[in-house]
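Please treat every number below as a calculation from the coordinates, not as lab data. Fair warning: this is a prediction, and the values are worked out from it, not measured in the lab. Positions of Cβ are backbone-derived with ideal geometry, glycine not excepted, and every protein chain shown enters the neighbour counts.
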Amino acid sequence: MTDPDILISEVGPRDGLQNIQSIMPTTEKKRWIHAQAMAGVREIEVGSFVPAKLMPQLADTAELVAYCKQIEGLTIAALIPNYRGAVDAVASGVHKMSIPLSVSETHSQRNLNKTHTQMLDEIKSIADMVKSLPSHQQPHFEVGLSTAFGCSIEGAISEDKVLRLAERAMEAGCDEVGLSDTTGYGNPAQVKRLVRSIKQVVGDKSLTGVHLHNTYGLGLANALAALEEGITTIDSSLGGLGGCPAAPGASGNIVTEDLVFMLEAMGLSTGISLPLLLEVRGILSDALPNESLYGFTPNAGLPKGFRGI
Ligand code: ZN
């Protein structure tokens, strides 16, 4: 299996499911994740290690991680809200865990009940805990700089603040920072500018991924802008499920089907079979009949003569 040019990280089972009313049964989640891995998706964020009473939709995260270990070649990712979540994530055996560090301090307090200083202390404790593990048990630890392009509570976010937090998160000992447009307020010029300036501060290897939302229809344009600045991992969600509970008005992630179509049409390999990926959508529409699914490619079908895998 050769490495694709671009790694698509599917976040639907976490970002998508945490923001809809319906609760997807665990067996259906397993079918979804398995089918998507069989379509060639190499990394899937399967859930979040939050208390089940806060987020019953994701209460089966540890069970999903255990199930996914049987899927060869799949990188299993999970979100963690705090140190306690990190301990649970490590115990489950995830390969990658990420904690959101909201650049908007108001959002951070509302979402995770912590100031920036408290969050950075938490990140340092987690990083120290990870480093104390035997190397084969250490998950990759990422800090996602959320609301980096604007916040639905605070409004505009200063780019200097994003840079400073990126630097401090790296100093606290995480492996990498990610850039996250939680609200979908970002535009391509802003994406280019921020990716470039964060890389200058933390180094090329410490920023490889972006997490984008399609609130204003700019998701794919923003993804392209990020690619042009050397980003190689892009989060997306099948059918565009997703949003953010603490950012009212934010709709779903960029649509995995459309992102794969754009990249493959441009000649960039994703390792994903688009015909197989389009079939996976049926699992979602059957299991979540009351939820909207988005995307152009699924409706239009593949163009005549399309060459993918
Ligand atoms: Zn998101």
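Using a 10 Å cut-off on Cβ atoms, rank the peptides 100-110, 266-276, 295-305 from the highest mean neighbour count down.
My ranking of the peptides, most packed first, is 100-110, 266-276, 295-305.
Given points 7 Å out from each Cα along the Cα-Cβ axis, report the Gln200 to Asn299 separation in nanometres with one decimal.
4.1 nm
Out of Leu145, Ile123, Pro188, whose Cα points farthest toward the positive end of the dipole of the chain (charges: +1 Lys, Arg; -1 Asp, Glu; placed on Cβ)?
Final value for the positive-end residue is Ile123.
Tell me, what HN-Hα J-couplings in whole Hz come from the Karplus equation 6.51 cos²θ - 1.76 cosθ + 1.60 at θ = phi - 60° for each residue of region 265-278, using x for Gly and Pro?
5, 7, x, 9, 7, 10, x, 9, 8, 5, x, 5, 4, 5
Nearest 5 is fine: what % of DSSP beta bridges in the chain come out antiparallel, could you say?
Taking every DSSP beta bridge with both residues in the chain, the antiparallel ones total about 5 percent.
Quote the relative contact order of region 7-300 in percent (integer), defining contacts as alpha-carbon pairs under 8 Å separated by 6+ residues.
20 percent
Under 16 Å from a label point 7 Å along Cα→Cβ of His136: give me every residue in region 68-99 with its amide N that close.
In region 68-99, the label zone of His136 (backbone N under 16 Å from the point 7 Å along Cα→Cβ) covers 93-95.
Please give, to one decimal in nm, the separation of the simple spin-label points placed at Gln118 and Glu72, each 7 Å out from Cα toward the Cβ.
So the two model labels end up 4.7 nm from each other.
Going by average Cβ density within 10 Å per residue, which order do the peptides 207-216, 90-99 take, highest to lowest?
Put in order of decreasing packing, that is 207-216, 90-99.
Show me the ranking of peptides 228-237, 50-59 by mean Cβ neighbours inside 10 Å, starting with the highest.
228-237, 50-59
Let's see if you can work this out: charge +1 on each Lys and Arg Cβ, -1 on each Asp and Glu Cβ, no other charges. What is the dipole magnitude of the chain about its Cα centre, in debye to the nearest 20?
140 debye
Got a sec to turn the phi values of region 45-62 into Karplus ³J(HN,Hα) couplings, 6.51 cos²θ - 1.76 cosθ + 1.60 with θ = phi - 60°, whole Hz, x for Gly and Pro?
8, 8, x, 9, 8, 10, x, 4, 6, 7, 9, x, 4, 10, 5, 9, 4, 4
To the nearest Å, what is the center-to-center distance of region 99-164 and region 172-199, using C-alpha atoms only?
13 Å
Run a plain Debye calculation on the chain (Cα atoms as equal point scatterers, no solvent) and give log10 I(q)/I(0) at q = 0.09, 0.13, 0.14, 0.16 Å⁻¹, rounded to two decimals, same order as the q list.
Once normalised to I(0) and log-transformed, intensities are -0.39, -0.87, -1.03, -1.40.
Filter the trypsin sites (Lys or Arg not before Pro) in region 1-44 down to the DSSP loop ones having no more than 10 other Cβ atoms within 10 Å, then list what survives.
Loop-located and lightly packed - none at all.
For region 182-309, what does the relative contact order come out to in percent, with C-alpha contacts under 8 Å and a separation of six or more?
Worked out over region 182-309, it gives 23 percent.
Which residue, Ile76, Ile157, Ile44, tops the fluctuation ranking in a GNM of the chain built on C-alpha contacts under 10 Å?
Comparing Ile76, Ile157, Ile44 in the GNM, the peak value goes to Ile157.
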